[in-house]
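Worksheet: the structure to be examined is printed underneath.
The values are calculated or read from the model by the stated rules, or taken from the named source; none is laboratory data. Keep in mind it's a predicted model, so treat the numbers as computed, not measured. Backbone-built Cβ (ideal geometry, glycine too); neighbour counts: all protein chains shown.
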Amino acid sequence: FVCSSLMGYSFLLDPCFPGTGLSSFPFALLLSQGKPFLRIWPIKPVVEFGGSIVLNCSASCKNIALETSLNNVLAGEGPTWRAFSLTNVSSWEPKPQCYATCQSNTFQEAAITVYPPERVVLDPLPEVEVGKEYNVTCRVFDVAPIRNLTVTLYQGEKRLYVETFEDHRNPEAGNVVVTSNSITAQQNGHGKEVTCRAALDLRPEGPFLEKASNNQSRVACKWLYQGKFGAWWLWQHKCLVLRS
């Protein structure tokens, strides 16, 4: 994808720069007054780890270039714009810069959000009796950015526990462990699956990604024979949490 130019100014095309039409301010004003400008688009792109993306640099100045440590090649150019294809994006939150020579050196940077394909695993659950408490633990591996993550534990469609990470600031991928509050085993949980869902919300610039644990557990409640006491047969009602 490369933005075309109109009257020598690629940023004037809505498909390339939404909301910056010919009458928009301040770009139309800068154009009419002959003032220098520089713009990078998209300014907040989102890309999967190892993926590719195209950045467009537009300027009224000379020597338009892109400064970045990422692999990049020129994908297209016009009198006042250049497009660069960044391939194999494999660093966390890189900030490439468009720059040009105006009255002085001018630059603008893009903040790229990089996310990997995460893996969600539910820890094996213990055998528990009705009325007893237990915990559910979910592990999300290689997830980024963690600040955009929400982990929810379910029994059937009932939410058992939700945890978010808005205060996490490290952009690099990491592992997250979420453990529920104590949950009381109940007979009405019979037959219901226990699952973990990890949601990564990268909107509005990127997608909304949700993944459930591949391994699930199912609650099965039944009477278990315990033995005989005198003339009495002893049974105990247990809820077994079974891996499926």
Give me a count of the residues in the range 89-108 that are in contact with a Phe, Trp or Tyr (Cβ under 9 Å, 6 or more places away or on another chain) and outside any loop (DSSP other than H, G, I, E, B).
8
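Results for (1) among the acidic types (Asp, Glu); (2) in contact (Cβ under 8 Å) with a residue 40 or more places away in the chain; (3) more than 27 Å from residue 145 (Cβ to Cβ), shown as yes or no for each residue.
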| site | (1), (2), (3) |
| --- | --- |
| 70 | no, no, no |
| 80 | no, yes, yes |
| 85 | no, no, no |
| 90 | no, yes, no |
Which number in (1) buried (at least 17 other Cβ atoms within 10 Å of the Cβ); (2) closer than 27 Å to residue 117 by Cα marks the one condition that residue 49 misses?
(1)
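Can you go through 86, 55, 74, 66 and tell me which one is surrounded by fewer than 13 Cβ atoms within 10 Å (Cβ to Cβ), modelled with pLDDT of 95 or more and part of a strand (DSSP E or B)? Spell out how you get there, then give the answer.
Working: 86 fails: surrounded by fewer than 13 Cβ atoms within 10 Å (Cβ to Cβ); 55 fails: surrounded by fewer than 13 Cβ atoms within 10 Å (Cβ to Cβ); 66 fails: surrounded by fewer than 13 Cβ atoms within 10 Å (Cβ to Cβ).
Only one candidate passes the filter, namely 74.
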Tell me the residue from 19, 50 that is part of a loop (DSSP other than H, G, I, E, B), modelled with pLDDT under 65 and on the phi > 0 side of the Ramachandran plot, please.
19
Could you figure out which of (1) crowded, with 20+ Cβ neighbours inside 10 Å; (2) touching an Asp or Glu at 6+ places or on another chain (Cβ under 9 Å); (3) not hydrophobic (A, V, I, L, M, F, W, C) isn't true of residue 80?
(2)
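Okay, residues lined up against (1) among the aliphatic types (A, V, I, L, M); (2) farther than 23 Å from residue 117 by Cβ; (3) surrounded by 12 or more Cβ atoms within 10 Å (Cβ to Cβ):
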position	(1), (2), (3)
150	no, no, yes
164	no, no, yes
176	yes, no, yes
194	yes, yes, yes
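Among the residues of the range 152-161, count how many are farther than 11 Å from residue 138 by Cβ and either outside the structural domain of residue 138 (by TED's automatic domain parsing) or not in a loop (DSSP other than H, G, I, E, B) (or both).
Residues of the range 152-161 that are farther than 11 Å from residue 138 by Cβ, as a first pass: 155-159.
From the residues that got through so far, the ones that are either outside the structural domain of residue 138 (by TED's automatic domain parsing) or not in a loop (DSSP other than H, G, I, E, B) (or both) too are 155, 158-159.
Adding up the residues that qualify gives 3.
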